[in-house]
Amino acid sequence: MRKTSKFMAIISAFIILVSMLALPANAATSVNYSVSSASGQKGDTVTVTVSVSSSIGVTSAMLNVKFDNTKLQYVSGTAGSMFSTCSVKANGTSSVQCTGMTMGDNNAKKSGTFATLKFKILAESGTAALTISPSSDAGDHSGVGTPPTRLSPTVSNGKVTITKPVTGVSLNRSSVTLKKGETSDLVATVSPSDATNKTVTYSSSNTKVATVNSSGKITAVGGGTATITAKAGGKTATCKVTVTVPQTGIAVSGSSSRSVGIGSALTLKVAKVPSDATDSYSTTWTSADTNIATVSSKGVVTGVALGETTITAKQNNWTVTYKITVTETATESSTDAEESSTEETSLTENTTEETSLSTTTETVSEPTTDDEKENFIKTVWAEINDKNNTVTKLYHYAMLLGVGFIVAIISITVTFFVTSGYYKNKTKKEENDIKK
C-alpha cells in the first residue's frame, strides 16, 4: 500500500513538472492591443479604432479603453471583424469595454479591427489620453491550440489632440504708401493667443505693384495699388498698398523737329521721366513767335505763316522745346501720341467752293442788213435785263450812233456782266441765250 502511494506521488510530481515546463512556451506568445489617435476641436466627434495583432490566431480577448471624461464623452461603439462574437459597451463614464470571441481554431484571425469608438470633444484645447487596460484574467486572452494558448497582452495607447481654432487675425496697419523700391513690414496678430495653429501666410493681389514674403515684408515694385492678405486658420486681414513713382523730368515725345502747313494743325505731347511715374503735373505751352505758329493750352499747334518758331512745353520746373517749321501745306500727321493717351486733335479746314460758269458756244450767222442788226441788238438787250434803265438808254443811244458803235458797246457790256459774276445765279440756258 505504501509502495503504491509512493508511486502515485512520483507520477503526480512528474505531471506537474511537465506542466510547468510547458507553460513558459505558451506564455511567450503575445497579443498586441492598440487604439488609434485623432484630433479635433471642441464640439467635434472623433472616431478611433481598437485593433488586435498576434503571431497566432486569437480566439478570445477582453479589454477596457479608458479616457478622461472631462475632455471626452463616449458616444457609441461598433464591433469590428476580428471576432465572430463581439461586444462594445460603456463601462462607467470613463471607460469602454470590448469583448470578443471566436469558436474554432480554423476561424481565428491573427489580426484585425476589434472595435471602432466615437467620442465627443468637450474641452477647448489640450490632449485626452486613450489608455488600453487588458483584462487581468489570463483566460480572457487566448489563442489557437489544444489546450488554448494563453496570450500575454501588450498595448499601444492613443490620444485625442484637441485643437483650439483661430478666431481672428489682424495686421499692424490697414494701408501703406511706398515709393518704388521701398519696403515695409507687416505684423500679424492671431487670436486667441493660445490657438493651436497660429501659422500666418501672406499673398499679394498684384505682384507687379508690390510683393510680400513669408515674414510679411512688403517690397514696392511699380506704380499702382495692391492688396496684401494675411491668412491664419481660415481667417484673413488685408492691407492696401499704394506705390508711387516720383517724376524726375519730362522728355520730347516723338521728333523734336516738326512741320505744319498754314492753316493746319498738329498736337504736341510730352513724355514723363521715368515713363511709369505716377505724379501728375499740368503742362504749359508757349510759342516763341505767334505770327508764325500758335499753340493752345492742349498743345495744338496751328500754322499761321511761312517760317520757323519754337514751341516750349513746361511741367513743374522742367521744359522741352520743339522746332516748328510752317510750310504751305501740311507734311506730317496732325497728332503726336503721348504715353497712355488716346486723345487726338484734328483740324477741319474750310474749303472754298469754286463755282465755275460753263458756257456753250453756238455758231450764229452774222447779221448783214440794218434790219437784222437792229433785231439782233434788241434781242440781246431784252435778254440782258429789261429793268436796267442804263442798258435801255445805251440801247437808244446805240441806235442813234449806228450799228458799228452798237456792236462795240454790246461786246463791252456782255463781257462786264459775265466776268463780274452778275449772272452766276442764272441758268445755263439763260447764259447761252445771252451769248447768242
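The values are calculated or read from the model by the stated rules, or taken from the named source; none is laboratory data. Every value quoted in this text rests on a predicted model; they were computed, and no experiment measured them. Cβ coordinates were reconstructed from backbone atoms using ideal geometry, including for glycine residues, and neighbour counts include every protein chain displayed. SASA here: full protein model, heavy atoms, side chains in, ligands and nucleic acids out. Shrake-Rupley method; radii C 1.70, N 1.55, O 1.52, S 1.80 Å.
May I ask you to say which residue of THR154, THR167, THR163, THR146 is among the β-branched types (Val, Ile, Thr), open to solvent by 50 Å² or more (accessible area, probe 1.4 Å) and under 24 Å from VAL65 (Cβ atoms)? Please lay out each step first, then the result.
Values: THR167 fails: under 24 Å from VAL65 (Cβ atoms); THR163 fails: open to solvent by 50 Å² or more (accessible area, probe 1.4 Å); THR146 fails: under 24 Å from VAL65 (Cβ atoms).
The conditions single out THR154.
Looking only at the stretch 243-254, residues that are in a strand (DSSP E or B) and surrounded by fewer than 20 Cβ atoms within 10 Å (Cβ to Cβ) come to 4 in all. In the set VAL35, VAL75, VAL46, only one residue is open to solvent by less than 20 Å² (accessible area, probe 1.4 Å), farther than 24 Å from ARG150 by Cα, β-branched (Val, Ile, Thr) and in contact (Cβ under 8 Å) with a residue 12 or more places away in the chain; that residue is VAL46. Being farther than 24 Å from VAL160 by Cβ and touching a Phe, Trp or Tyr at 6+ places or on another chain (Cβ under 8 Å) holds for only one residue in MET82, MET101, and it is MET101.
Which is assigned to a strand (DSSP E or B) and surrounded by 16 or more Cβ atoms within 10 Å (Cβ to Cβ), of THR189, THR211, THR225?
THR211
Has the stretch 117-135 got any residue that is open to solvent by less than 30 Å² (accessible area, probe 1.4 Å), part of a strand (DSSP E or B) and touching a Pro at 6+ places or on another chain (Cβ under 8 Å)? There is no residue in the stretch 117-135 that is open to solvent by less than 30 Å² (accessible area, probe 1.4 Å), part of a strand (DSSP E or B) and touching a Pro at 6+ places or on another chain (Cβ under 8 Å).
Any chance the stretch 114-131 includes a residue that's basic (Lys, Arg), farther than 20 Å from SER39 by Cβ and out of contact with any Cys (no Cβ under 9 Å at 6 or more places or on another chain)?
Checking the stretch 114-131: not a single residue is basic (Lys, Arg), farther than 20 Å from SER39 by Cβ and out of contact with any Cys (no Cβ under 9 Å at 6 or more places or on another chain).
The number of residues in the stretch 158-186 being farther than 20 Å from GLY234 by Cα and assigned to a strand (DSSP E or B) comes to 11.
Could you go through the stretch 296-306 and let me know if any residue there is surrounded by 19 or more Cβ atoms within 10 Å (Cβ to Cβ), in contact (Cβ under 8 Å) with a residue 60 or more places away in the chain, closer than 17 Å to THR325 by Cα and not basic (Lys, Arg). No - not one qualifying residue is present in the stretch 296-306. Here ASP68 fulfils each of the conditions (1) of a type in the set (Asp, Glu); (2) over 15 Å from LYS159 (Cα atoms); (3) at pLDDT 95 or above apart from (2). For the stretch 233-242, does any single residue satisfy the condition of being open to solvent by less than 50 Å² (accessible area, probe 1.4 Å) and either in contact with a helix residue (DSSP H, G or I) (Cβ under 7 Å, 6 or more places away or on another chain) or over 18 Å from VAL221 (Cβ atoms) (or both)? Within the stretch 233-242, one or more residues are open to solvent by less than 50 Å² (accessible area, probe 1.4 Å) and either in contact with a helix residue (DSSP H, G or I) (Cβ under 7 Å, 6 or more places away or on another chain) or over 18 Å from VAL221 (Cβ atoms) (or both).
Scanning the stretch 255-283 for residues that are aliphatic (A, V, I, L, M) and either open to solvent by 50 Å² or more (accessible area, probe 1.4 Å) or in contact with a helix residue (DSSP H, G or I) (Cβ under 9 Å, 6 or more places away or on another chain) (or both) yields a total of 2.
Is it true that ASP279 is assigned to a loop (DSSP other than H, G, I, E, B), out of contact with any His (no Cβ under 7 Å at 6 or more places or on another chain) and closer than 30 Å to SER174 by Cβ? Considered against the rule, which asks whether it is assigned to a loop (DSSP other than H, G, I, E, B), out of contact with any His (no Cβ under 7 Å at 6 or more places or on another chain) and closer than 30 Å to SER174 by Cβ, ASP279 comes out as yes.
Is it the case that some residue within the stretch 75-90 is farther than 18 Å from VAL31 by Cβ and assigned to a loop (DSSP other than H, G, I, E, B)? Scanning the stretch 75-90 turns up no residue that is farther than 18 Å from VAL31 by Cβ and assigned to a loop (DSSP other than H, G, I, E, B).
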